[in-house]
Amino acid sequence: MAKPPDAPQAGSPFWWFWERFTDVHTGLYKASRGRIGATYQGAPIALVESVGRKSGKKRTHPLICMADGDGLVVVASKGGIDLHPAWYLNLKANPETDAWWHGRKRRVRARDAEGEERERLWKLMTSVYPAYEAYQRRTERRIPVVVLEPTR
């Protein structure tokens, strides 16, 4: 099977435009309490907040998401570039955060899925957004699957 075309790498102007798009997406989602922006190409979206590990700034990221039991699952793909997305690195440094799902905000703790759980959740996520398979073929890094578990 042929390797998919490369994704725009970090520093590409594409990512600046993508970040502006996600800012608008986030604003519409929050303002409408999830009625607008709840899907992307048919896949469900959650808003996941992170605190910058260097800047300390809070940012919100619209991410393709699926529920798994009480938790939520997201994928740190960044289109298959060779670097992890900043939000993922920020969650590694500060795993306690908030996520918006179906218009409701909830407190969660992020962790990487490992082993059989990761394989099961990877299949779940590629079933809702098949492009993740192409993203994985673009990069040598193993794309993380992140579980957002509710905190009580």
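Return the residue satisfying two criteria in turn: it lies in the range 47-64 and is hydrophobic (A, V, I, L, M, F, W, C) and in contact (Cβ under 8 Å) with a residue 40 or more places away in the chain, and of such residues it is surrounded by the most Cβ atoms within 10 Å (Cβ to Cβ).
That would be Val48.
Restricting to the range 91-149, name every residue that is touching a helix residue (DSSP H, G or I) at 6+ places or on another chain (Cβ under 8 Å) and of a type in the set (A, V, I, L, M, F, W, C).
Trp100, Ala110, Ala113, Trp122, Met125, Ala134, Ile143, Val145, Val146, Val147
Being open to solvent by 50 Å² or more (accessible area, probe 1.4 Å), part of a helix (DSSP H, G or I), in contact with a Gly (Cβ under 8 Å, 6 or more places away or on another chain) and farther than 22 Å from Lys57 by Cα: is that true of Arg120 here?
It is false that Arg120 is open to solvent by 50 Å² or more (accessible area, probe 1.4 Å), part of a helix (DSSP H, G or I), in contact with a Gly (Cβ under 8 Å, 6 or more places away or on another chain) and farther than 22 Å from Lys57 by Cα.
So is Gly80 at positive phi and in contact with a Ser or Thr (Cβ under 8 Å, 6 or more places away or on another chain) or not?
So Gly80 fits the description; yes.
Can you tell me which residues in the range 58-75 are assigned to a strand (DSSP E or B), more than 8 Å from the chain's Cα centre (by Cα) and closer than 14 Å to Pro150 by Cβ?
Ala67, Asp68, Gly71, Leu72, Val73
Kindly list the number of the only condition in (1) open to solvent by 50 Å² or more (accessible area, probe 1.4 Å); (2) in contact with a strand residue (DSSP E or B) (Cβ under 8 Å, 6 or more places away or on another chain); (3) not small (Gly, Ala, Ser) that fails for Leu83.
Status for Leu83: all satisfied but (2).
For the range 86-109, check the following and say yes or no: at least one residue is free of Cβ contacts under 8 Å to residues at least 12 places away in the same chain, assigned to a strand (DSSP E or B), touching a strand residue (DSSP E or B) at 6+ places or on another chain (Cβ under 6 Å) and open to solvent by 10 Å² or more (accessible area, probe 1.4 Å).
yes
So which residues in the range 1-10 are modelled with pLDDT under 60 and not polar (S, T, N, Q), if there are any at all?
Met1, Ala2, Lys3, Pro4, Pro5, Ala7, Pro8, Ala10
So which residues in the range 11-46 are at pLDDT 75 or above, open to solvent by 40 Å² or more (accessible area, probe 1.4 Å) and either under 17 Å from Val75 (Cβ atoms) or part of a strand (DSSP E or B) (or both), if there are any at all?
Thr39, Tyr40, Gln41, Gly42
The values are calculated or read from the model by the stated rules, or taken from the named source; none is laboratory data. Since the model is a prediction, treat every value here as computed from it, not as a measurement. Virtual Cβ from ideal backbone geometry, glycine too; neighbours counted across all protein chains shown. Just so you know, the surface numbers come from the protein's heavy atoms only, side chains and all, with ligands and any DNA or RNA stripped out. Shrake-Rupley method; radii C 1.70, N 1.55, O 1.52, S 1.80 Å.
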